[in-house]
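**Student:** One structure is given below, represented as structure tokens, and several questions about it will come after.
Read-outs: derived from the displayed coordinates by stated rules, not from any lab. What you see is a predicted model; the values in this text were computed from it and never measured. Here the Cβ positions follow ideal geometry from the backbone for every residue, glycine too, while neighbour counts run over all protein chains shown.
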Amino acid sequence: MNTDHIHLSIDQIYELSFDVLTHNGFSAAHAAAIAKTITAGQRDDCQSHGLYRLLVCVRTLKTGLVDAAALPLITHPTPAVVQVDAQRAYSLLAFQEGLPHLVEKAKSNGVAVLAINNCFHFSALWPEVEAIAQHGLAGLAMTPSHSWVAPAGGTRPVFGTNPFAFAWPRPGGYPYVFDFATSMVARGEIELHRRSGRAIPEGWAIDRDGRPTTDAAAGLDGAMLTFGSYKGSALSTMIELLAGPLIGDWTSLQSQAFDNGAGGTPLHGELVIALDPDILGRGQRAINASSAEAMLDAISGQGARLPSERRFKARAVSEREGVWVGRALYDDVMALSTP
Ligand code: NDP
Ligand code: PYC
């Protein structure tokens with residue numbers, strides 16, 4: 001018997017998440033939207049953004065900063081733009097309600113933008129770009145977070161871990177999807193290392209004094225590093241600008257200042273873009289789709305793996321067999337539903 005892990009079905013993960021969230025004060029609508037994404041993360045073996053996030057959501061709710069029930073306010077500034085004000089609630093209900101408008105606008109205009117404002121944001125972005133690709137559209141999503149990451153050549157945090165995600169629809173199967181932090185790894189990954197007492201690889205973070213460290217706690221206390229040196233640094237800057245000031249929202253520095261040491265989920269905006277190959281592809285959808293497939297096959301045909309392949313395999317296993325959750329995490333989550 002595996003005593004270090006607990007076996008749960010996907011439905012049980014969802015029910016556990018929903019119950020913990022409502023028990024702690026989230027409205028049913030927010031709890032459902034958050035639980036859906038957390039369940040997808042655990043199902044796809046994205047440990048940094050699965051059940052672990054329940055601990056962070058509930059801790060953040062207890063700071064009193066989050067609105068646990070506010071309904072998203074939707075406006076339509078132009079035919080190609082939908083703006084959703086989350087009103088200081090978590091982002092996922094705002095995305096859920098904005099998505100149909102984004103899809104409809106992209107299919108009418110060729111390109112459309114969903115700007116989510118004023119949202120607490122904890123989640124992986126691949127569920128969102130995958131949902132866009134399910135409509136036959138290409139999707140991009142990006143957000144700031146808290147200023148935890150030093151620019152290349154510097155030692156003081158400026159950027160968030162700033163995730164960047166892309167999906168491309170493929171005929172008859174999963175879309176092509178990538179979704180990564182522009183830091184070396186998501187902060188959640190370093191937090192998981194700290195929780196389990198594991199060292200982090202060199203290159204992920206520096207300590208308070210700017211020295212390379214393999215100590216997860218020292219790295220969290222110092223600064224994380226961007227991936228790809230100055231290239232990741234520039235990408236991260238772009239994300240700060242596009243998902244921050246461009247859409248009238250905060251940078252990671254502003255989010256961190258607002259948090260003021262509370263240790264809660266970042267508060268900022270999210271930029272989501274959808275593009276329609278039927279409108280932009282000069283009426284050659286089938287030809288364009290086959291050149292896209294030829295390019296993707298040239299990657300996987302030589303044994304290189306496509307991003308999300310690991311995740312899709314994990315999804316198939318979880319759907320068949322359920323999920324194993326570490327006992328320590330399970331116990332911490334269960335403790336959230338007891339008075
Ligand atoms: P990883 O470095 O683990 O992976 C990022 C991407 O690269 C995934 O699409 C992954 O696919 C792919 N990948 C990994 N290894 C390979 C490989 N050898 N060959 C090809 N592709 C590969 O993720 P991060 O730590 O950077 O980010 C994890 C998650 O954290 C993301 O989902 C992100 O959205 C989330 N996040 C959210 C933030 C927020 O503010 N909301 C902030 C930062 C991160 P696969 O999944 O199949 O391994
Ligand atoms: O893991 O970097 C992270 C993160 C930040 C906000 C949500 N996840």
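**Student:** Lys231: which aspartates and glutamates have alpha carbons under 16 Å from its alpha carbon, excluding same-chain residues fewer than 8 sequence positions away?
**Tutor:** Hits, sequence-local ones excluded: Glu240.
**Student:** List the lysines whose Cα lies under 22 Å from the Cα of Lys62, skipping any in the same chain that are fewer than 8 positions away.
**Tutor:** Of all the lysines, those that pass the test against Lys62 - Cα under 22 Å, at least 8 places apart if same chain - are Lys36.
**Student:** Which residue, chosen from Pro266, Ser9, Leu55, occupies the Cα position most advanced towards the positive end of the dipole of the chain, where the dipole is computed from +1 (Lys, Arg) and -1 (Asp, Glu) charges on Cβ about the Cα centre?
**Tutor:** The residue sitting farthest along the positive end of the dipole is Pro266.
**Student:** Magnitude of the Cβ-charge dipole of region 30-114, K/R +1 and D/E -1, about the Cα centre, nearest 20 debye?
**Tutor:** In debye, rounded to 20, region 30-114 gives about 160.
**Student:** Of the listed peptides 160-167, 8-15, 38-45, what is their order by residue-averaged count of other C-beta atoms within 10 Å, with the highest listed first?
**Tutor:** Per-residue Cβ counts within 10 Å, averaged per peptide and sorted highest first, yield 160-167, 38-45, 8-15.
**Student:** Oh, and also: To the nearest 20 debye, what charge dipole does the chain have about its Cα centre, counting +1 at the Cβ of each Lys and Arg and -1 at the Cβ of each Asp and Glu?
**Tutor:** 340
**Student:** Sum up the charges of everything whose Cβ sits under 14 Å from the Cβ of Ser318, counting Lys and Arg as +1 and Asp and Glu as -1, but leave Ser318 out.
**Tutor:** +1
**Student:** Can you tell me how region 246-339 classifies by the Cα gyration tensor, rounded, prolate or oblate, using a/c under 1.5 as the rounded cut?
**Tutor:** Oblate.
**Student:** Continuing with this model, one more query. Mean residue ellipticity at 222 nm from the helices of the chain, using -39,500 (n - 2.57) per DSSP H segment of n ≥ 4 over the full residue count, to the nearest 500 deg cm²/dmol? Don't skip to the answer; put the middle values down first.
**Tutor:** Working: 13 runs with 147 residues, N = 339.
Rounded to the nearest 500, the figure is -13000 deg cm²/dmol.
**Student:** Are there trypsin sites (Lys or Arg not before Pro) in region 304-339 that DSSP marks as loop and that have at most 16 other Cβ atoms within 10 Å, and which are they?
**Tutor:** Taking region 304-339 and a limit of 16 other Cβ atoms within 10 Å, the loop trypsin sites (Lys or Arg not before Pro) found are Arg305.
**Student:** Here is a further query. Taking only Cα atoms and a 10 Å spring cutoff, compute GNM fluctuations for the chain and point out the largest among Val177, Val56, Val113.
**Tutor:** Val56
**Student:** Is the shape of the chain best called rounded, prolate or oblate, per the rule: a/c under 1.5 gives rounded, else a/b larger than b/c gives prolate, else oblate, with a ≥ b ≥ c the square roots of the Cα gyration tensor eigenvalues?
**Tutor:** rounded
**Student:** Can you tell me the FRET efficiency between Met295 and Arg208 if r is taken as the Cβ-Cβ distance and R0 is 45 Å, rounded to the nearest 0.05? Write out the running numbers ahead of the final one.
**Tutor:** On the way: r = 45 Å, r/R0 = 0.99.
With a Förster radius of 45 Å, E is 0.50.
**Student:** Once the dipole of the chain is set up with Lys and Arg at +1 and Asp and Glu at -1 on Cβ about the Cα centre, which of Gln134, Ser147, Ala294 lies farthest towards its positive end?
**Tutor:** Result: Ala294, furthest along the dipole toward the positive end.
**Student:** I want to verify a result. In a Gaussian network model of the chain, Cα cutoff 10 Å, which of these has the top mean-square fluctuation: Ile279, Ile34, Ile287?
**Tutor:** Comparing Ile279, Ile34, Ile287 in the GNM, the peak value goes to Ile287.
**Student:** Can you check what the net charge comes to around Ser252, using other residues whose Cβ is under 12 Å from the Cβ of Ser252 (Lys, Arg +1; Asp, Glu -1)?
**Tutor:** -2
**Student:** Using Cα positions and a limit of under 19 Å, work out the aspartates and glutamates in reach of Lys107, with same-chain residues fewer than 8 apart set aside.
**Tutor:** Candidates past the 8-residue exclusion: Glu97, Glu128, Glu130, Asp276, Asp278.
**Student:** Which one of Glu202, Glu309, Glu270 has the biggest mean-square fluctuation once the chain is modelled by GNM with Cα springs under 10 Å?
**Tutor:** Most flexible of the set in this elastic network: Glu202.
**Student:** With a sphere of radius 10 Å drawn around the Cβ of Ala167, what net charge do the other residues whose Cβ falls strictly inside it have (Lys, Arg +1; Asp, Glu -1)?
**Tutor:** After counting each charged neighbour, the total is -2.
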